1. Report the FRET efficiency, 1/(1 + (r/R0)^6), for Glu80 and Thr55, where r is their Cβ-Cβ distance and R0 is 25 Å, rounded to 0.05.
2. Given the Cα-Cα distance of Ala64 and Gln40 and 0.36 nm per residue of separation, how much length would full extension add, in nm?
3. Compute the acute angle (0 to 90°) between the alpha-carbon long axis of helix 4-32 and the principal axis of greatest extent of the alpha-carbon atoms of the chain; round to the nearest 10°.
4. Diagonalise the Cα gyration tensor of segment 1-78 and give the resulting equivalent ellipsoid semi-axes, square root of 5 times each eigenvalue, largest first, whole Å.
5. If contacts are Cα pairs under 8 angstrom and at least 6 residues apart, what is the relative contact order of the chain in percent?
6. Quick check: the angle from helix 36-58's long axis to the longest principal axis of the chain, C-alpha only, nearest 10 degrees?
7. Hey, can you rank 8-16, 42-50 by average C-beta count inside 10 Å, highest first?
8. Measure nothing but the geometry: give the 0 to 90° angle between the long axis through the Cα atoms of 62-81 and the longest principal axis through the Cα atoms of the chain, rounded to 10°.
Amino acid sequence: MFNIKYIAKHIHTQVYNYNKMRDMKNKEKLNELPNPRIHQTISFVKSFVRCGAITLLGCGFLVASAITFGIAEVLGIVEEIF
């Protein structure tokens, strides 16, 4: 009636194919992750620029401070892209 070896082999093949596809999807997801080193570097530069903007604001350079904060925001966008 039922060939147990055939059924077991078929189930094994299906499980193997499922695991192989799952592993391929996980590898694709890893390739989509941002590079942590670039992200960290841009974040440090952004923080440095913000500190400069605060210093300019404290010295009374309102326009220069606003421009510097704008640059920091652009760096934040770049950070999220990479």
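We did not get these values from a lab; they are worked out from the coordinates using the rules stated. Model, not experiment: these values are computed from the prediction. We place every Cβ from the backbone using ideal geometry, glycine too, and count neighbours over all the protein chains shown.
1. Details: r = 25 Å, r/R0 = 1.02.
That gives a FRET efficiency of 0.50.
2. Details: separation 24, 0.36 × 24 = 8.64 nm, distance 2.56 nm.
Full-extension gain reported as 6.1 nm.
3. It is inclined by approximately 10 degrees.
4. Numbers: eigenvalues 716, 15, 9 Å².
They are 60, 9, 7 Å, listed largest first.
5. Details: 39 pairs, mean separation 24.1, N = 82.
Relative CO of the chain lands at 29 percent.
6. Roughly 20 degrees between the two axes.
7. 42-50, 8-16
8. On a 0 to 90 degree scale, this one is about 10.
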